[in-house]
1. Could you name the lysines whose alpha carbon sits less than 22 Å from that of LYS114, not counting residues in the same chain fewer than 8 places away?
2. With just the Cα atoms defining each centre, how far is the stretch 91-166 from the stretch 183-219? Give it in Å.
3. Give, in nm to one decimal, the length gained when the segment between CYS33 and ALA21 is fully stretched (0.36 nm per residue of separation minus the Cα-Cα distance).
4. With a Förster radius of 45 Å, plug the Cβ-Cβ distance of GLU179 and ALA53 into 1/(1 + (r/R0)^6) and report the FRET value to the nearest 0.05.
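Every number here is computed from the coordinates shown, using simple stated rules; none is lab data. Not measured: the values here are computed from a predicted model. Ideal geometry is used to build each Cβ from the backbone, glycine not excepted, and the neighbour counts take in all protein chains shown.
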Amino acid sequence: MTPQSEGQLRGIGMTSARTRARLIVKLKEMGICHPQVLDLIEHMPRHLFVDEAFASRAYENAALPIGFGQTISQPYTVARMTELAIVRGSPSNVLEIGTGCGYQTALLSQVAGKVASIECVEPLYKKTTERIKNMGFKNVTLKLGDGYEGWPSKAPFDVILAAAAPEEVPQALLDQLAEGGRLIMPVGRGGEQVLRVIDRTARGFVTEDIESVTFVPLVKAVQDAAEAAGEEIMTLTTRTETTLTNATRTSAARAETSGAKSGSTNSRTTSKYRASR
Ligand code: SAH
């Protein structure tokens, strides 16, 4: 993949500004109200995260195939989870489980100090690493690995956000949550999943179930994912990590993180896609 041109980022026809604006109207109707989230979704070129055959549908509120048996979540769900992640201000350190095509990763990179994201399907991991690099998101680190384990060397996290559902919240993820931190993840089997938020307070964990959702399962072993993707299991036995230049956080940015209120956080214009507005 070559670095995207301004024209590609801006889009034409069904990927144009007008089409994106229609999606924002729809999201507002569905109850998304955080101005920063709406702004980010309006300007994030979702058509560059899906296969070209689906680019014309990228601004529908629909989940779409991203190859390897996986899907990009529908914009409403991504918006809802992002709202839940930043409702108390911008998090410094975020862990995402299930990178997929990197769309949610890219949004998180604009509201967080740094984002670590884990994907278990190797070809998807490789494709997304390339995409994230080409689009210029510099505060993102991707890893090929098992989301059940989290990423202990990068913990504690202010936000842990998952795009695939386990039957129970993995203890390892709770252990890696900072005090004052928040875990946002779908939990449950097939048709009975719920979007769960768990806040870690000084006195323990506080759980709230937000709404019914439908996500792909958080696969138990990396092996299952390889089978789903039709890949050789052997290719997934090596854990690989790619660091895309960690963001340098200034003291000003840290102050912003601690002082920011809902709706008033500033997005970090770390990617050139913002220039195409
Ligand atoms: N937010 C992503 C959603 C991708 S779907 C996007 O916008 O594209 C969920 C992803 O979780 C899939 O890519 C799947 O391969 C991944 N996944 C499932 N189980 C996993 C596990 N145990 N560890 C890491 N990733 C996992």
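1. LYS126, LYS127, LYS133, LYS138, LYS143, LYS154, LYS261, LYS272
2. For the stretch 91-166 versus the stretch 183-219, the Cα centre distance is 18 Å.
3. Working: separation 12, 0.36 × 12 = 4.32 nm, distance 1.44 nm.
Full extension of this stretch gives 2.9 nm more.
4. 0.50
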